[in-house]
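One structure is given here, and the rest of the page talks about it.
The values are calculated or read from the model by the stated rules, or taken from the named source; none is laboratory data. Predicted model only: the values in this text are computed from it and were never measured. In this analysis, Cβ positions are derived from the backbone assuming ideal geometry, glycine residues included, and neighbour counts consider all displayed protein chains. Accessible surface is based on the protein model in full, side chains and every heavy atom, while ligands, DNA and RNA are left aside. Shrake-Rupley method; radii C 1.70, N 1.55, O 1.52, S 1.80 Å.
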Amino acid sequence: MAGYDAYRQMTPEDDASHQANVRTALRTMVVHGLDHSLSLPDSEELIWNGDLRWRHSNGDKPRREEFNWLVDYLADKTKDDDETEGDALLALSAMQGLWSSAEQPSFINALIRCMDKDKPFRVRHAALRLLYDTRGELAAITNVSMPHGINPNLLDSLSRALLTAVCPNQDQTVHYSESDAPFHEERDGRYISLIFSLAKTDGWHQRLTHDGHIKRCIDLVDEVNEWESRAPETYPPGSYLPGSYLPVIIGRINPTCEDPPLSSAQKRSLGQLIKKTWCAHIYKNDDDYVDAIPALVTVTKLFSQEAWLADEVRGALEYFQEERATLVNNGVAQATVDAALSSLKGFYK
């Protein structure tokens, strides 16, 4: 890769010329990030829909260690260059997974820096995209399985930075750009999916509550309801926002809706989204969602007086009873299916 060759040749004497070569190589790479056409390197579509994966000439995928130089470059050489910082983040999305273990601490620190509220949206959102792409592996980092060089304080800082990536002006009254508007379909869709994954891990629950993520998710409920009501007319076919994850996030971390409490308007909006979630039967098309059923049932109990709920929960119960073997054969853990069934049966107790 041209960028690696230039980076490897950097010395204190001719750092500037090789630095320019790295920047040029990264710029050239990102313009090829869309399948259907070349792109302007600063196009926002590249952040959310760019695909910068590459292979060696023999067809082999690159090993994660082959991106170490780019992690080092991001950590040490781009601090005062927002344009190249954004390019490097987009190029790193080609890893399609968590960085190599040796680079994890420096990469997390670089992402924290890139999500600072004073960074331009392109840099913050490209960092968010990277975290979204690695959400499963990030959620697997627990106090029991903490990789070398990573500690709870570092993850605490990452959690706080994640909120500023999507809400850089949360404590200020400002005139928002479109990309930093209070609601942004692409940005908040990735954010919701990321929080959904992190909320599966007990170690993240306190962070998500303390750092304001649950409050953010509660605020998003009304935005998602409004988006879904206008999506068929406003957005192209195939537009999707994972709003069904929000009740599950709340059910996992704030099951009583008391910390933080919901206003009557928020509770009404949450009830509407819960109804849409049950009616969508998402658990029939998304095996990963089977694991979410207990949390969905928990938050649904807050609305147990609603007549429609009994029919929807009963329909889900019948589905799991009939399809238990099929779900297990498809790779869903037996314990996960049993937990979903148990929670559905418990709804009527």
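Might you let me know whether the range 308-317 holds any residue that is surrounded by 11 or more Cβ atoms within 10 Å (Cβ to Cβ), at negative phi, charged (D, E, K, R) and not in a helix (DSSP H, G or I)?
no
Among 256, 298, which is the only one that is under 22 Å from residue 225 (Cβ atoms) and either free of Cβ contacts under 8 Å to residues at least 40 places away in the same chain or open to solvent by 60 Å² or more (accessible area, probe 1.4 Å) (or both)?
Answer to the check: 256.
Counting just the residues of the range 259-268 that are in contact (Cβ under 8 Å) with a residue 24 or more places away in the chain and open to solvent by 60 Å² or more (accessible area, probe 1.4 Å), which one comes out nearest to residue 289 (Cα to Cα)?
267
Just to be sure before I move on: is residue 257 out of contact with any strand residue (DSSP E or B) (no Cβ under 7 Å at 6 or more places or on another chain) and on the phi > 0 side of the Ramachandran plot in the structure I sent? Lay out the reasoning, then the answer.
Working: out of contact with any strand residue (DSSP E or B) (no Cβ under 7 Å at 6 or more places or on another chain): yes; on the phi > 0 side of the Ramachandran plot: yes.
Taking the combined requirement at face value, the residue satisfies it.
Taking residue 243, is it out of contact with any His (no Cβ under 6 Å at 6 or more places or on another chain), of a type in the set (Gly, Ala, Ser), assigned to a loop (DSSP other than H, G, I, E, B) and over 18 Å from residue 319 (Cβ atoms)?
It is true that residue 243 is out of contact with any His (no Cβ under 6 Å at 6 or more places or on another chain), of a type in the set (Gly, Ala, Ser), assigned to a loop (DSSP other than H, G, I, E, B) and over 18 Å from residue 319 (Cβ atoms).
Out of the residues in the range 36-82 that are farther than 22 Å from residue 19 by Cα, open to solvent by less than 30 Å² (accessible area, probe 1.4 Å) and among the hydrophobic types (A, V, I, L, M, F, W, C), state the one that is farthest from the chain's Cα centre (by Cα).
This residue is 46.
Kindly indicate the residue of the range 159-179 that is farther than 22 Å from residue 248 by Cα and open to solvent by less than 20 Å² (accessible area, probe 1.4 Å) and also modelled with the lowest pLDDT among those meeting that condition.
Step by step, filter the range 159-179, then rank; the result is 179.
Quick check: anything in the range 274-291 crowded, with 17+ Cβ neighbours inside 10 Å, in contact (Cβ under 8 Å) with a residue 60 or more places away in the chain and not in a loop (DSSP other than H, G, I, E, B)?
Checking the range 274-291: at least one residue is crowded, with 17+ Cβ neighbours inside 10 Å, in contact (Cβ under 8 Å) with a residue 60 or more places away in the chain and not in a loop (DSSP other than H, G, I, E, B).
With the checklist (1) open to solvent by less than 10 Å² (accessible area, probe 1.4 Å); (2) of a type outside the set (Gly, Ala, Ser); (3) at pLDDT below 90 in hand, flag the one item residue 104 doesn't pass.
(1) is the only condition that residue 104 fails.
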